[in-house]
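Undergrad: Shown below is the structure under consideration.
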Amino acid sequence: ALVVLGVVILNFLLVHMAPGDPASVMAGEAGAGDAQFLAQLRAQFGLDQPLYVQLWLYIKGILSLDLGFSYRNNISVASLIWDRLPATLLLTASAFVFSLVLGVLLGVMAAARRGRVTDTVIMSGALFFYATPLFWVSLMSILLFSIFLGWLPPFGMETVGAGLVGGARAVDILKHLILPVVTLGLFFTAIYTRLTRAAMLEVASLDFVKTARAKGVPAKQITRRHILRNALLPIFTFASIQAGQIVGGAVLTETVFAWPGIGRLMFDALLQRDYPVLLGVFFVTSVMVVLVNLLSDMLYRVVDPRIEVKS
């Protein structure tokens, strides 16, 4: 709770320190930029209050789960985020599972074939996707798989106006989901691949693994039960951190693919200087990060039975 409160205060101060004024933006779009109209807009949305008063009112609203009112969309911020949140959770959860499973699999393959062609190819690919900007990979995937090959839809979450229901709608959403998930997940796949390979090579040099080999335990069993099981600990630690970071990567992905999630909502709110929406998205994502890290701390006992909980 204290971490979330600190994030709320810091985000509020940073957003209000940024250049730009919501009242000026709205007045300019309305074609009336005179001082009287600007003063009316600031009074209407409470922007004429001192900063500490605005902060106090915002914290009071947060404590009652009132995230404020969107200037531009004329709707409560909570309703706006609630409508967009399922799309972001679908995208980020799918990308997280994709990157974790594929990254661990490639890391195991690279570690098992250390110094061979397979290891070189896997690590070169991991380095390429780690160093390549996410938006470039997204744009190139649209050009290749949507424009040139025509295999997958380029934008949106589902086909507009198709009126699909049931299984047909689920298949349509899945087709739209493939490109965003793969492009968002490849960056983190590269990290998991490198981390898994390094962790497995480190564990493979320990004494208990040498003892298992000396006893004649099959190589596959050593890899699966002895090396990989112990190498998963640093991977689990990083995965708990990455689960929160992946929401930040979703901003670029959702913008490029026009995915209707909170990442795209945050980008639009930034351009429109819609402060309540920005702060609402920051609050929701910070709560998600805190909850994911809390859950990961609780799951450590499952991953590593040697860890005990002391009162």
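Undergrad: Which semi-axes, in whole Å and largest first, does the equivalent ellipsoid of region 173-311 have when worked out from the alpha carbon gyration tensor as the square roots of 5 times its eigenvalues?
TA: Numbers: eigenvalues 311, 75, 21 Å².
With the √(5λ) rule applied to region 173-311, the semi-axes are 39, 19, 10 Å.
Undergrad: If I take the Cα coordinates of region 213-287 and project them onto the principal axes, what are the three extents in Å, biggest first?
TA: 67, 25, 12
Undergrad: Shifting gears a bit: Have a look at Arg197, Arg116, Arg273 and tell me which one the Gaussian network model of the chain (Cα, springs below 10 Å) gives the largest fluctuation.
TA: Its mean-square fluctuation being the largest, the pick is Arg116.
Undergrad: Follow-up question, since we're still on this one. Choose one answer from Lys60, Lys175, Lys210: the residue with the largest mean-square fluctuation in a GNM of the chain with alpha-carbon springs under 10 Å.
TA: Most flexible of the set in this elastic network: Lys210.
Undergrad: Could you estimate the translational diffusion coefficient of region 102-192 from the Stokes-Einstein equation, with Rh from the Kirkwood formula over C-alpha pairs, at 37 °C and 0.692 mPa s, in whole µm²/s? Display every interim value, and only then the final one.
TA: On the way: Rh = 14.9 Å.
Roughly 220 µm²/s, to the nearest whole number.
Undergrad: Using unit Cβ charges (K, R positive; D, E negative) and no other charged atoms, how large, in debye to the nearest 20, is the dipole of the chain about its Cα centre?
TA: On the way: 23 positive and 17 negative charges, 385 e Å.
It comes to approximately 1840 debye.
Undergrad: If you take the charge dipole of the chain about its Cα centre, with +1 on Lys and Arg Cβ and -1 on Asp and Glu Cβ, which of Leu2, Thr183, Ile235 is farthest toward its positive end?
TA: Positive-end residue among those listed: Ile235.
Undergrad: Along the charge dipole of the chain, Cβ charges K/R +1 and D/E -1, which of Ala204, Trp259, Ala95 sits furthest on the positive end?
TA: Ala204
Undergrad: Moving to a separate point now. Can you compute the helix-only [θ] at 222 nm over the chain? Use -39500 (n - 2.57) per DSSP H run of at least 4 residues, normalise by all residues, nearest 500 deg cm²/dmol.
TA: Working: 12 runs with 222 residues, N = 311.
That comes out to -24500 deg cm²/dmol.
Undergrad: With Cα Rg over 2.2 N^0.38 Å as the read-out, I listed (i) 0.98; (ii) 1.17; (iii) 1.23; which label goes with the value calculated from this structure?
TA: (iii)
Undergrad: Rounded to a whole number, what % of the accessible area of region 57-202 do carbon and sulfur atoms account for, probe 1.4 Å?
TA: It is 70 percent, rounded to a whole number.
The values are calculated or read from the model by the stated rules, or taken from the named source; none is laboratory data. The structure displayed is predicted, hence computed values, not measured ones. Glycine also receives a Cβ, built like all others from the backbone with ideal geometry; neighbour counts cover every protein chain displayed. Heads up: the accessible areas ignore ligands, DNA and RNA and are worked out on the full protein's heavy atoms, side chains in. Shrake-Rupley method; radii C 1.70, N 1.55, O 1.52, S 1.80 Å.
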